[in-house]
Structure formats: structure tokens, C-alpha cells
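These notes are about the structure you will find just below.
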Amino acid sequence: MDALRVQGGVRLSGTTSVDGSKNASLPAMAAAILSQGTVRLRDVPPLSDISNMQRLLAEIGCSVDTDDRDVTIRTTDPTSNHARYDIVRTMRASICVLGPLLAARGEARVSMPGGCAIGDRPVDLHLRGLEALGATIELDGGDIVARADRLRGTTIFLGGPFGSTVLGTANVMCAAALAEGTTIIESAACEPEVACVADLINAMGGDIRGAGSPRIEIHGVSELGDADMTIIPDRIVAGTLAMAAAMTNGDVQLTNFPHDHLLAVLDRLSLAGVQVERTDDSQHPARCDVRVTSARRLQPVLFTTQPYPGYPTDLQAQLMALLCMAEGNSIVTERIYPDRFLHVSELTRMGAKLIRNGPTVVVQGGCQLIGAPVMAGDLRGSAALILAGMAARGETIVHRVYHLDRGYVRLEAQLNALGAGIERFNAD
């Protein structure tokens with residue numbers, strides 16, 4: 001099993017580019033099922049989750065061709081509709097095929113999904129939305145079975161106990177794109193990844209308005225065709241790289257940076273003493289070049305994870321690692337996945353002073369992190385431990401980095417190109 005050996009005390013400098021968004025690519029690939037033509041997605045990151053989605057699409061009757069970071073998808077067998085457990089268990093985002101399969105083929109059988117062990121993430125909102133469109137839902141042998149002769153537009157409320165649902169919004173939006181009449185999704189997820197899927201469906205010939213806001217209006221069409229679209233930059237990768245630069249007191253240029261999609265993060269980083277400055281005002285703020293620098297003495301901040309446009313839960317662990325170095329006490333509150341603190345005990349092994357009380361962690365900053373063997377428990381926690389290792393004194397070994405490979409394209413190589421000292425090796 002792969003592990004990473006991280007040498008601390010190296011200052012990052014240089015230029016690197018932000019990859020396309022995994023969390024936009026996966027539902028966009030699933031949305032390609034809706035098309036009767038050919039869908040080409042550009043700048044799709046070559047990740048394990050992407051490979052698993054390609055396998056899943058191939059199994060449910062789609063041809064999938066890759067050319068570097070371009071993925072071309074076309075339906076070849078419209079009678080196939082079973083997303084089996086063997087593939088679905090490898091990633092949470094497999095549930096994204098439920099709505100497109102139902103709308104395009106009249107029936108979908110999708111195994112209950114897997115993913116990171118960071119707390120309960122029920123799919124009841126997905127199912128409630130599809131039922132409102134006229135689908136019948138049942139559970140059979142661990143599979144969700146959805147059927148509908150003809151979906152019909154309606155008004156659907158998708159709010160849940162922890163806010164809106166990104167994948168649920170994408171699923172219902174995809175299903176409604178081929179439904180009869182107009183569908184209104186209230187309390188829709190506002191994330192840029194949802195807007196990216198809507199842009200793809202519109203490029204196929206759909207009619208979706210308001211994506212990126214809490215109210216999405218979908219006018220159903222009878223069929224969808226060809227599309228060619230570039231995936232948005234990955235805001236979580238971008239935030240991770242910016243924090244890596246800050247934690248090493250580096251000076252890094254990031255291209256293809258989604259500045260407009262990270263305003264809550266940039267606000268907290270600014271208060272902590274991290275500067276992320278656009279270098280070319282002529283570029284679109286959702287895809288631009290920035291320079292990341294930081295003050296030598298970082299300041300404590302308070303932050304709470306929230307649905308977009310609030311602070312993203314997927315950057316909670318990374319900012320916690322950064323705040324271990326701040327001069328003073330910071331308070332981190334997790335409102336999306338209250339159990340998403342697997343990294344806390346591992347950061348403590350490195351000398352961090354963290355006190356957890358339910359969904360809140362007090363970070364007593366100002367300590368010197370010390371390299372130690374640590375174990376990654378989930379995707380984003382893996383990145384946080386690597387960042388902590390780069391800022392620590394001595395050597396850190398991060399075990400179970402297969403989590404990392406689900407969301408970052410060889411992060412160690414990207415960081416090494418900026419001057420880091422990280423080695424991947426087989427720890428078995």
C-alpha cells in the first residue's frame with residue numbers, strides 16, 4: 001500500500017496549474033447518459049474516481065474514449081440500466097447516474113453507494129425529488145430501483161437537515177431535463193459544480209435557468225444531443241495548493257485558479273495573513289492566475305463550514321492544519337459532516353494542540369509541528385496531513401494515501417515541482 005514520505009521545512013516557489021474539477025466531472029459524465037449524441041468533456045482530471053465512473057458508464061451501455069484529459073461519451077446500449085455494487089461501492093458519486101438513467105431509459109437500478117467514512121450521507125433527498133417527478137422507488141437486494149413511464153415537471157423542495165444536496169440537485173436536475181413540463185427546484189445546491197452540469201445540459205439543447213442559485217427552473221425537452229464543454233477548475237485543489245504555499249511561507253503562482261468560487265476561503269485566508277492576488281485583471285475571475293504569499297506570523301481565525309457560497313467542508317482539514325501555526329486560538333465548526341474530524345488525532349500526533357467538543361475544534365496555535373508517522377482517514381484529511389508534514393520539523397510518513405488519489409492528480413509530484421520533498425513508496 002502506497003505511503004508518502006514528506007520532508008519538512010521546504011519553502012514552495014514557482015508556478016503550477018489547477019486541475020479540472022473532479023466534483024464537476026463526475027456528475028457531468030453521468031449527465032452524458034441523457035444525450036442521444038456525443039458528449040465531449042475537456043480537462044477531466046485522471047483520478048481513480050474518474051476511472052471508476054468510466055468503468056460504470058461502460059457497464060451501463062456507454063462508449064467512453066479518453067484522449068489525455070478529454071473524455072468522449074456516447075450511449076451504445078440504451079437497454080442497460082444496472083449500476084452494480086462492485087463498481088458503485090468504490091465511490092459516492094455513483095449515485096449521479098440514477099437521475100440520468102431514469103430519464104433517458106425509463107428505469108434505473110443503482111446499488112447504494114460507498115465513499116469516504118466521514119459520516120452519514122443519506123440519499124433520501126435524491127429519491128424524494130425523483131418521486132416528486134413521478135418515479136416509483138423501491139429497494140431490492142441493496143439496489144435502488146427507480147421506474148417511470150414519463151416524468152412530469154413539478155415544484156420540489158430539496159433542503160435537508162444539513163442544507164441542500166449537491167448530488168441530489170444534479171440528479172433531480174438531470175431527470176427534469178427530459179421531463180414533461182417545467183420543474184422548479186427550491187433550496188437547490190448553489191455550488192459551481194451544479195452550474196457546470198446545468199451548462200452541459202444546456203449545451204446539449206436543454207433549458208435550465210438559475211443554476212448556481214437556490215431556485216432552479218428546468219423546462220423539459222424531448223431529447224438532448226451533442227455537446228463539447230471544458231470542466232471548471234477544481235476549487236478544492238486550488239484551495240489546497242494555496243494553503244500549501246502559505247504554510248511553507250512560499251511564493252507560488254497558480255494558473256487556472258477559480259477565484260470567484262473561493263471567496264469564503266479567500267476571506268478567511270486574508271484574515272489569517274495569506275495574500276491571494278490576481279495577476280491579470282483581464283482574465284475571467286472563475287478561471288484566472290493568482291500569486292499566493294503569506295505573512296511570517298499567521299493570525300487565528302474562526303470559521304464554520306457551510307453550503308456554498310459559505311466555507312466548504314472539503315477545505316476544513318487543510319485550514320485547520322494551517323491554523324496550527326497561527327499565533328493564538330482558532331475555532332473550527334463543522335456543520336456539513338459533524339464527524340469529519342478523522343485528521344484531528346493525526347495532527348495531534350504531530351504536536352498540534354487541538355480540543356474537540358462535538359462539531360467544534362479549538363486550535364491552540366503557535367506550536368511547532370513535528371514530523372511523525374500518521375494515517376490518512378479520508379480524502380481531504382490526507383491532504384491536510386501532507387501540508388502539515390511540509391510545515392513540520394523533520395520527516396512525516398503519511399500512510400493510506402489511496403484516499404488522496406481519489407481527489408488529487410499526483411499531488412506529491414505537483415508539490416515537488418514547487419520545491420517540496422515528498423517521496424511515494426510502498427509501505428507494505
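Looking at A93 and the list (1) more than 26 Å from A383 (Cα to Cα); (2) in contact (Cβ under 8 Å) with a residue 24 or more places away in the chain, which single condition is not satisfied?
Single failed check for A93: (1).
Out of G8, G14, I need the residue that is assigned by TED's automatic domain parsing to the domain that holds V401, touching an Asp or Glu at 6+ places or on another chain (Cβ under 9 Å) and crowded, with 18+ Cβ neighbours inside 10 Å. Which one?
Just one listed residue meets the conditions, G8.
Any idea which of (1) touching a residue at least 40 places away in the same chain (Cβ under 8 Å); (2) outside any loop (DSSP other than H, G, I, E, B); (3) out of contact with any helix residue (DSSP H, G or I) (no Cβ under 8 Å at 6 or more places or on another chain) is the one S222 doesn't satisfy?
Only one criterion in (1) touching a residue at least 40 places away in the same chain (Cβ under 8 Å); (2) outside any loop (DSSP other than H, G, I, E, B); (3) out of contact with any helix residue (DSSP H, G or I) (no Cβ under 8 Å at 6 or more places or on another chain) is unmet by S222, namely (2).
Can you tell me which residue among T76, T38, T72 is in the same structural domain as D226 (by TED's automatic domain parsing), of a type in the set (V, I, T), over 15 Å from V172 (Cβ atoms) and touching a Cys at 6+ places or on another chain (Cβ under 7 Å)?
T76
If E138 satisfies every condition in (1) out of contact with any Leu (no Cβ under 6 Å at 6 or more places or on another chain); (2) at pLDDT 95 or above but one, which is the exception?
All conditions are met except number (2).
Which residues, counting only those in the range 246-291, are of a type in the set (V, I, T) and in a strand (DSSP E or B)?
V252, T255, V274, V276, V290
What about A246, is it surrounded by fewer than 24 Cβ atoms within 10 Å (Cβ to Cβ) and hydrophobic (A, V, I, L, M, F, W, C)?
Taking the combined requirement at face value, the residue does not satisfy it.
Determine which member of the set A264, A295 is on the phi < 0 side of the Ramachandran plot, surrounded by fewer than 16 Cβ atoms within 10 Å (Cβ to Cβ) and in contact with a Gly (Cβ under 7 Å, 6 or more places away or on another chain).
Answer to the selection: A295.
Regarding T304, is this residue within 21 Å of G163 (Cβ to Cβ), part of a strand (DSSP E or B) and either of a type in the set (S, T, Y) or free of Cβ contacts under 8 Å to residues at least 60 places away in the same chain (or both)?
Yes, satisfied.
Please go through the range 260-306 and give me each residue that is modelled with pLDDT under 95 and either among the small types (G, A, S) or touching a Phe, Trp or Tyr at 6+ places or on another chain (Cβ under 8 Å) (or both), ordered by number.
A295
Checking A384 against (1) under 30 Å from S94 (Cα atoms); (2) out of contact with any His (no Cβ under 7 Å at 6 or more places or on another chain), which test does it fail?
(2)
Report whether or not A188 is in a loop (DSSP other than H, G, I, E, B), under 16 Å from P27 (Cβ atoms) and not assigned by TED's automatic domain parsing to the domain that holds L262.
When the stated conditions are applied, A188 passes them.
Kindly indicate the residue of the range 146-198 that is in contact with a strand residue (DSSP E or B) (Cβ under 7 Å, 6 or more places away or on another chain) and modelled with pLDDT under 95 and also surrounded by the fewest Cβ atoms within 10 Å (Cβ to Cβ) among those meeting that condition.
Of everything passing the filter in the range 146-198, R150 is surrounded by the fewest Cβ atoms within 10 Å (Cβ to Cβ).
Filter the range 132-145 down to residues that are in contact (Cβ under 8 Å) with a residue 12 or more places away in the chain and among the small types (G, A, S) and give me whichever is surrounded by the most Cβ atoms within 10 Å (Cβ to Cβ).
Checking each candidate, the answer is A135.
The values are calculated or read from the model by the stated rules, or taken from the named source; none is laboratory data. Computed from a prediction, not measured in an experiment: that's the story for all the values here. Don't worry about glycine lacking a Cβ; one is built from the backbone with ideal geometry, like all the others, and counts go over all protein chains shown.
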